[in-house]
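Please treat every number below as a calculation from the coordinates, not as lab data. Everything numeric in this text was worked out from a predicted model, so none of it was measured. We place every Cβ from the backbone using ideal geometry, glycine too, and count neighbours over all the protein chains shown.
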Amino acid sequence: MRSFDYVTACKEASKAQGIDDIVSALQELGINASSEQTGGFTMCAYVQLTESRYIYANLYGESVYSDEDYLFDIFQYDDKQDATQIAQDINNYIND
């Protein structure tokens, strides 16, 4: 019987959901980002803004949170976007 490897499952989900591409695009812009599991192997790119404020992003948009509370959307799209678009949205939010 094959054992379940949580870390590998998260890495596979992050790649399949396009989160690795967003993280890479953010890092190319000089923004520190990581892939985080938000539950049920739903992955998001994670950008820490302050001690309690952060951004979660996927290929459909980006939102700002404080602690565990949703604050607002930076952008939300009806259709899947390219990772570079999501990274640029975040870059514009941080640097504008």
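Note on the chain: with a GNM built from Cα contacts shorter than 10 Å, the maximum mean-square fluctuation among Gly18, Gly39, Gly30 falls on Gly39. Note on the chain: with a GNM built from Cα contacts shorter than 10 Å, the maximum mean-square fluctuation among Asp67, Asp82, Asp21 falls on Asp67.
Placing R0 at 41 angstrom, the Cβ-Cβ distance between Asn32 and Tyr77 gives a FRET efficiency of 0.95 after rounding to 0.05. Of the GluC sites (Glu not before Pro) found in region 1-82, those in coil by DSSP whose Cβ has at most 14 other Cβ atoms within 10 Å are Glu51, Glu68. Going from the residue with the fewest nearby Cβ atoms within 10 Å to the one with the most, Cys10, Cys44 rank Cys10, Cys44.
Between Ser14, Ser66, Ser24, the GNM of the chain built on Cα springs shorter than 10 angstrom shows Ser66 fluctuating the most.
At 222 nm, what helix-only mean residue ellipticity would the chain give, in deg cm²/dmol to the nearest 500, using -39500 (n - 2.57) for each DSSP H run of four or more? Before the final figure, lay out the partial values.
On the way: 3 runs with 34 residues, N = 96.
Result for the chain, helices only: -11000 deg cm²/dmol.
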